[in-house]
Each structure stands twice: as structure tokens, then as C-alpha cells.
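The values are calculated or read from the model by the stated rules, or taken from the named source; none is laboratory data. Keep in mind that this is a model prediction, so the values were computed, not measured. Counting neighbours? That spans all protein chains shown, and the Cβs are built from the backbone with ideal geometry, glycine included.
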Amino acid sequence: MIPLTSVLSHKGRGSRNPNLDDTLGLEVKELLNSSLENPAMWQLYGQDHILKQLRPSLEQGRLAHAYLLVGPPHIGKMSLAIHLAQSVNCLEGSVAPCGACGQCERIVRGQHADVRITTVFQPEDSRVTRTVIGIGDVKEALHQANLKPYEGSCSVLIFDGVESMSEEAANALLKTLEEPPPQVLILLLTANEEALLSTIRSRCRRLDLRPVPKQQLAERLVAEHNAEPELAERLARLSRGCPGWAISALADPQILEERDDQLAQVQEVAQANLEGRFAFASDLAARFGRDRESSRQTLFLWLRWWRDLLLVKEGAEEYVNNQEQLSQLRLQAANLTGPQVVSFIRALVETLEALDDNANPRLALEVLMLSLPAPVS
Ligand SMILES: [Zn+2]
């Protein structure tokens, strides 16, 4: 479904230079490939406000030691991180990385010795199942921070999925953030900053990535990725402004199919008896243990479906996200009252919060299932 899943890579461990191809998802590779074709500019989707925010520091060559890149999955955090790594090492010395010099190219190809990615995400075919960035991973990366840059002018440490860091690892990272070595740029990427230690948050400058406007994203999918206009519109809408998701779904039709399957399940569970509902809770709780982020995304999909039900009830169908399922939404909405829908949306939000606070997943999800309005007989 989602090209990056929450499994920590062992592949890059122990080397100074983990292979980008192994750690990055398709979407990032696609974005980076397009930056190889169009060098000398920022190949970022819809993040002009961040470039504006960073421009003075980049011009003066005075970036902060650490930044926290915040935004939902697939919005372009890794892409921005790679661009920043290029920018501080680019031989052309301009604000935007040239994309063509030896430094820029080696960084994009994942061959640069001073740019290190530590990630909790790994492509789905990986057999490794770990869900946290551990102390060993952080120590290895920080060891590099204490060495002089090997081939560039600045070492860049990128930690992706930093909300999934063990406490021990987070504390080790915190020490480095408190006394950062010179010539090191630390970039922390998160989709869920609430789960971070507040002390880590406060030591970083924050960069908020924003969803790309639907029209703009659809136009770029057509112009740069040869998408059919109708499909481009659908992907831009369903991606909710996250270009990485739209680009992946364009390249891999299975992503849309699996999304449709998950929506069918949302409806099935609503019609299931308590046993069926608890079976769903149990499956999702088990998945949560293996892959926290993908389970959260499933719950967000539920949230969007129930938001759509509310919109249908309120007569605001033009704002429905799942336009393709409008007839099913109407059918289900007809059997629910407005307060029932609102109350279940509230329960979903509370469940997500409880899971972020490390509640027992099975228990939290069973409680959620008990809040689901009774099936229509
Ligand atoms: Zn360059």
C-alpha cells in the first residue's frame, strides 16, 4: 500500500554511507530524478513558504544546527532534507543547490559519505521488522557527527520517523542537540511531532510542510508525470496535498486498489456484529505492533470516511473526499443520525490520541469498536 513502511533498515548499518536507494521510497526517488533532469532549482512541491523562511540563513551560510521537518507522510520531508543536504555542500555556492556539481549528484545518488540517513521506514519487501530507531543506530550516526566531513563541507544527519525513537536513543540525540559539533546539520523528520520529547522539539528550528493545493498538484502530475487529467485530479484529491502519495499511486495502481479495499472494510465493519468488529480490532492491533504508521493511516482513512458521512448528512457532498464512493456514503448516511456520526468521529480522534500516548492498542481499538453505531438490521 504505502511504499515506506515502519521497519528499520539494517542494510545501512555499520557503513558510513547507507545506500539511499535502499532507504528511500519510490516517491522520493521520483522527485530526486526530476531534480537531476532540472538542476539549478528547488524541486519542491508547494513549499515556497519554507524556502522563504530559510533564504536569509542560506544566503548568509548560517543555517541552524538542527531542524525539525514536520508534515504528514509523503508530503515531501525527505525531498526537502536531501535538497538542504545538497544546498550546504553544493560547489556552486548559490542558495538553491545546482543539482549538477559532483557534491549535488553524489548526494542525490546516495553516494555521499557525509550525508547519512537513519530511518525507521523501509520498503515493503524488507524482511526486517523493527519499529523503533534504537540507541545503536543513533550512536552510529552521532559518531559520524564528531568526525570532520570527509568529502563535503558539511555533514548532514537525517533521522526519518524520529517519533519512533527509543527513549535511550532520544536522550543520546538530545545531548548532541544541546552541544552540536561544528559543520554538522541535523534534520529530524516527523509526521507526528506530539510523540517527540518536548526537549528535542525545543532544540530544533521547526519547518512545517504544507499540503500542496489540489489544482497545482494535479497540473504537475499531468505536466511532469504524464498523468491523464482525470486520474491526476483524482490522485490530487485523494492525496490530500501529499505529492509523494500521488506520485507513488500513479506509478503503482495497486495503491489505489488497496485503498478501495480498505474503504470496503470500513463499510463491512460498520455492518458487522460485535465478533466481527473485535476481529478487526485484533487484526489492526497486531499490525500496529509491526507497523505503527500504516495502522495510524488506516485510522485516518476511517476518519476521512466518517467525515464524508457527516458532509453527506449536512448536504455538502461537493466537499466529500471519496467522491467515487458517493452512493455508498449516501446509503450509509441515511441510516445514521448526525449526532451518531459526530460521536464516532470523536471516538476515532480519541483513539488516535490514546495510541500516540502508548495506550494498549488492542484495548483502545476494542473501545473504538464499542463506539461504532449498531449495524442496521
Ligand atoms: Zn551543486
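What number of residues within the range 151-184 are under 26 Å from Glu105 (Cβ atoms) and among the β-branched types (Val, Ile, Thr)?
Total satisfying the criteria: 3.
So is Asp160 more than 16 Å from the ligand (Cβ to nearest atom) and touching a strand residue (DSSP E or B) at 6+ places or on another chain (Cβ under 6 Å) or not?
So Asp160 passes the test.
Need a quick list: helices (runs of 4 or more DSSP H) entirely within the range 200-265 having at least 1 residues that are aromatic (Phe, Trp, Tyr). Walk me through it before giving the result.
On the way: elements: 214-225, 229-239, 243-251.
Output list reads 243-251.
Mind telling me which of the residues Leu173, Leu185 ends up being over 19 Å from the mean Cα position of the chain (by Cα), within 23 Å of Asp356 (Cα to Cα) and crowded, with 24+ Cβ neighbours inside 10 Å?
Being over 19 Å from the mean Cα position of the chain (by Cα), within 23 Å of Asp356 (Cα to Cα) and crowded, with 24+ Cβ neighbours inside 10 Å holds for just one of Leu173, Leu185, which is Leu173.
Could you check, for the range 143-156, whether at least one of its residues is at pLDDT 95 or above, within 30 Å of Leu355 (Cα to Cα), out of contact with any His (no Cβ under 6 Å at 6 or more places or on another chain) and not assigned by TED's automatic domain parsing to the domain that holds Phe300?
No - not one qualifying residue is present in the range 143-156.
Which of the helices (runs of 4 or more DSSP H) found entirely inside the range 42-122 contain at least 3 residues meeting this: at pLDDT 90 or above, near the ligand (Cβ under 10 Å from one of its atoms) and of a type outside the set (Lys, Arg)?
The helices (runs of 4 or more DSSP H) meeting that bar are 77-89, 102-108.
Residues in the range 230-245: is at least one of a type in the set (A, V, I, L, M, F, W, C), closer than 14 Å to Val70 by Cα and surrounded by 15 or more Cβ atoms within 10 Å (Cβ to Cβ)?
Checked against the condition, which is being of a type in the set (A, V, I, L, M, F, W, C), closer than 14 Å to Val70 by Cα and surrounded by 15 or more Cβ atoms within 10 Å (Cβ to Cβ), the range 230-245 yields at least one hit.
Could you tell me whether any residue of the range 209-216 is in contact with a strand residue (DSSP E or B) (Cβ under 9 Å, 6 or more places away or on another chain) and in contact (Cβ under 8 Å) with a residue 12 or more places away in the chain?
Yes, some residue in the range 209-216 is in contact with a strand residue (DSSP E or B) (Cβ under 9 Å, 6 or more places away or on another chain) and in contact (Cβ under 8 Å) with a residue 12 or more places away in the chain.
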